[in-house]
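What follows is a set of notes on a single structure, which appears directly below.
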Amino acid sequence: MNTPASKTAVDRHYDLIIIGTGSGNSIPGPEFEDQSIAIIEEASFGGTCLNVGCIPTKMYVHAADVALQTAESGRLGLDAEVNSVDWPGMVSRVFENRVDPIATAGEEYRRGPQTPNIDVYDQHAVFVGERTLRTGQGVHQRTISGDQVVVAAGSRPVIPEAIAASGVPYHTNEDIMRLPQLPKSLVIIGGGYIAMEFAHVFDALGTDVTIIARSTLLRNLDEDLHDRFNALAAERFDVRFGRTTMAADQTEEGITLRLDDGSTATGEVLLVAAGRIPNGDLLDLPSGGIETIGAGRLKVDQYGRSTSAPGVWALGDVSSPYMLKHVANAEMRAVRHNLLNPEKLQKMPHDHVPAAVFTHPQIATVGMTESQARKHGHNVTVKVQDYGDVAFGWAMEDTTGICKLIADQDTGKLLGAHYMGPQASTLIQQMITVLAFDLDVRQFAAKQYWIHPALPEVTENALLGLKFK
Ligand SMILES: Cc1cc2nc3c(=O)[nH]c(=O)nc-3n(C[C@H](O)[C@H](O)[C@H](O)COP(=O)(O)OP(=O)(O)OC[C@H]3O[C@@H](n4cnc5c(N)ncnc54)[C@H](O)[C@@H]3O)c2cc1C
């Protein structure tokens with residue numbers, strides 16, 4: 001057993017301490033039954049994804065998709081409209097009926113008789129020594145230590161200084177989904193994926209949306225998707241490209257932002273979605289001897305081990321180069337394996353990480369953009385396939401969807417796949433498989449059936465359009 005070098009008096013020593021119940025909560029399974037475990041969670045069980053991230057946002061996105069499709073169904077010969085939006089009803093569908101019971105049940109399970117080896121601590125944790133933490137249970141402060149500590153503490157929204165200093169009321173992903181009423185107008189600071197998902201949701205449900213973006217929207221996308229998406233977004237929202245918020249005031253109409261070009265933007269409600277910062281800066285990591293990259297991101301090696309503090313591990317948003325739930329889960333599986341198999345360590349799985357943006361049009365990407373592929377010196381072949389040129393695209397009367405594939409002419413290997421349009425996050429899965437199993441795309445189209453006239457024909461046609469030597 002590693003006993004902590006710290007001289008701090010500890011109330012209890014554990015085999016394993018886990019900070020954070022997002023992906024961290026999935027570590028203790030039956031294999032850990034003989035270990036004493038402390039789980040520390042200062043907020044709701046389930047973390048960001050369940051409570052204030054992926055899951056509730058997509059429940060609203062689906063409603064928004066249906067509303068938008070209804071509004072646009074005239075092109076299919078339908079005369080339909082959304083007559084009203086029951087926002088409070090949506091809030092209860094998402095939270096009261098779905099998310100909150102899952103979070104509560106998750107906590108009860110960990111506190112209950114089914115996991116007798118696990119103690120729950122529900123107060124903010126900080127390191128006070130090597131593998132030693134100060135936290136609490138209700139009003140009781142506790143100091144605990146562990147042979148191993150897994151930091152799975154996630155991330156939080158960045159609040160720009162101009163907003164923090166102004167004192168105006170603002171919302172983030174943590175509370176915007178529980179607004180009591182649907183606002184008439186919304187100003188969003190941010191041009192990343194969270195901003196674009198909320199812009200889609202609120203606009204589709206009838207709110208006027210203004211977006212303040214420091215540069216362009218979704219600026220890391222492949223160029224073709226980026227340009228198309230920005231053009232479409234500019235038609236739909238009031239987008240202030242390349243603008244910084246200098247100050248904010250509360251007025252009768254709501255919140256007014258003053259921008260760096262002297263212009264203003266006003267909304268009944270303000271949403272800040274200007275990026276996320278890992279939570280390590282709130283953990284007093286130096287007291288635990290834990291190195292960071294910047295203020296809050298734990299520095300880990302390829303196996304998820306702290307580079308400076310033996311016995312400390314990290315996973316997910318607090319340490320990962322990818323702030324995505326499927327990555328946090330995959331890293332959790334690697335760390336779980338490594339805790340149990342110290343002689344046979346698994347690497348953090350960071351190859352071919354896909355991502356989706358559930359905005360409108362939906363976007364999904366994996367691998368390199370065209371410019372990255374060229375920069376890496378690949379002899380590239382590229383095909384941009386319009387959804388509108390395959391049969392199901394005709395059925396949908398789609399005019400904006402594209403699938404862009406980038407491959408290496410010399411090796412026949414796929415380098416990147418980028419979709420923008422209906423079902424993008426589903427269609428891309430075949431290309432994720434191609435990359436994960438290192439398949440040759442020269443054979444991928446011809447060697448299998450493609451159901452006619454289903455939407456994956458967009459992928460088939462894109463593959464057939466790639467040119468190889
Ligand atoms: C609006 C939004 C939408 C998103 N949509 C998607 C999506 O569609 N797909 C996708 O892949 N990803 C999405 N993400 C990202 C995804 O939610 C995160 O990558 C993922 O949840 C990170 O998991 P985690 O376990 O690292 O951290 P978290 O789930 O954030 O868990 C960390 C937990 O640690 C607790 N904690 C932190 N510090 C302390 C402390 N000092 N003491 C005690 N407890 C502490 C926190 O309360 C929290 O519960 C979205 C994020 C947001 C904000």
> If we keep just the residues of the stretch 179-237 that are polar (S, T, N, Q) and either within 16 Å of the ligand (Cβ to nearest atom) or over 14 Å from residue 360 (Cα atoms) (or both), which is least open to solvent (accessible area, probe 1.4 Å)?
Replying inline: 207
> Just checking, which of 197, 223 is among the acidic types (Asp, Glu) and over 28 Å from residue 47 (Cβ atoms)?
Replying inline: 223
> What is the number of the single condition among (1) assigned to a loop (DSSP other than H, G, I, E, B); (2) under 31 Å from the mean Cα position of the chain (by Cα); (3) not aliphatic (A, V, I, L, M) that residue 24 does not meet?
Replying inline: (1)
>> I need the full set of residues from the stretch 43-63 which are in contact (Cβ under 8 Å) with a residue 60 or more places away in the chain and either exposed (fewer than 15 other Cβ atoms within 10 Å of the Cβ) or among the basic types (Lys, Arg) (or both), in order please.
In response: 58
> Do you know which residues across the stretch 296-312 are within 15 Å of the ligand (Cβ to nearest atom) and either open to solvent by 20 Å² or more (accessible area, probe 1.4 Å) or in a loop (DSSP other than H, G, I, E, B) (or both)?
Replying inline: 296, 297, 300, 304
> How many residues are assigned to a loop (DSSP other than H, G, I, E, B) and either over 27 Å from residue 228 (Cα atoms) or open to solvent by 60 Å² or more (accessible area, probe 1.4 Å) (or both) when one looks only at the stretch 332-361?
Replying inline: 13
>> Here are the criteria: (1) open to solvent by 60 Å² or more (accessible area, probe 1.4 Å); (2) touching a Phe, Trp or Tyr at 6+ places or on another chain (Cβ under 9 Å); (3) of a type outside the set (Gly, Ala, Ser). Tell me which single one residue 250 does not satisfy.
In response: (2)
> Name the residues in the stretch 39-71 that are small (Gly, Ala, Ser) and within 11 Å of the ligand (Cβ to nearest atom), would you?
Replying inline: 43, 44, 46, 47, 53
>> Test of understanding: among 266, 292, 256, 245, which residue is open to solvent by 30 Å² or more (accessible area, probe 1.4 Å), more than 25 Å from residue 366 (Cα to Cα), among the hydroxyl-bearing types (Ser, Thr, Tyr) and away from the ligand (no atom under 16 Å from the Cβ)?
In response: 266
>> I'd like the residue in the stretch 243-291 that is assigned to a loop (DSSP other than H, G, I, E, B) and closer than 14 Å to residue 162 by Cβ and, out of all such residues, is nearest to the chain's Cα centre (by Cα).
In response: 274
> When residues of the stretch 424-459 are filtered for being touching a strand residue (DSSP E or B) at 6+ places or on another chain (Cβ under 9 Å), within 21 Å of residue 225 (Cα to Cα) and open to solvent by 30 Å² or more (accessible area, probe 1.4 Å), how many remain?
Replying inline: 4
> So, in the stretch 26-36, of the ones that are surrounded by fewer than 22 Cβ atoms within 10 Å (Cβ to Cβ) and of a type outside the set (Gly, Ala, Ser), which residue ends up nearest to the ligand (Cβ to nearest atom)?
Replying inline: 28
> If you go through the stretch 38-70, how many residues are hydroxyl-bearing (Ser, Thr, Tyr) and closer than 12 Å to residue 153 by Cα?
Replying inline: 1
>> Being modelled with pLDDT of 95 or more, within 11 Å of the ligand (Cβ to nearest atom) and surrounded by 16 or more Cβ atoms within 10 Å (Cβ to Cβ): is that true of residue 318 here?
In response: yes
>> Given the criterion modelled with pLDDT of 95 or more and touching a helix residue (DSSP H, G or I) at 6+ places or on another chain (Cβ under 7 Å), identify the matching residue among 372, 346.
In response: 346
> How many residues does the stretch 308-333 contain that are in contact with a Pro (Cβ under 6 Å, 6 or more places away or on another chain) and without any contact (Cβ under 8 Å) to a residue 40 or more places away in the chain?
Replying inline: 1
>> Under 7 Å between Cβ atoms, which residue pairs at least 6 apart in sequence (or on different chains) link something in the stretch 162-182 that is under 16 Å from residue 251 (Cα atoms) with a partner that is in a loop (DSSP other than H, G, I, E, B)?
In response: 163/170
> Looking only at residues in the stretch 156-178 that are within 17 Å of residue 59 (Cβ to Cβ) and open to solvent by 50 Å² or more (accessible area, probe 1.4 Å), which one is nearest to the chain's Cα centre (by Cα)?
Replying inline: 174
> Among 91, 66, which is the only one that is aliphatic (A, V, I, L, M), assigned to a helix (DSSP H, G or I) and either outside the structural domain of residue 290 (by TED's automatic domain parsing) or open to solvent by 50 Å² or more (accessible area, probe 1.4 Å) (or both)?
Replying inline: 66
>> I'd like to check something: does the stretch 11-31 contain any residue that is free of Cβ contacts under 8 Å to residues at least 24 places away in the same chain and touching a Ser or Thr at 6+ places or on another chain (Cβ under 7 Å)?
In response: no
> Do we find that residue 114 is within 14 Å of the ligand (Cβ to nearest atom) and modelled with pLDDT of 95 or more in this structure?
Replying inline: no
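The values are calculated or read from the model by the stated rules, or taken from the named source; none is laboratory data. Predicted, not measured: the structure shown is a model, and the values here were computed from it. Please note: Cβ atoms are built from the backbone with ideal geometry, for glycine as well, and neighbour counts cover all protein chains shown. To get the accessible areas, we keep the full protein, side chains included, count just its heavy atoms, and leave off ligands, DNA and RNA. Shrake-Rupley method; radii C 1.70, N 1.55, O 1.52, S 1.80 Å.
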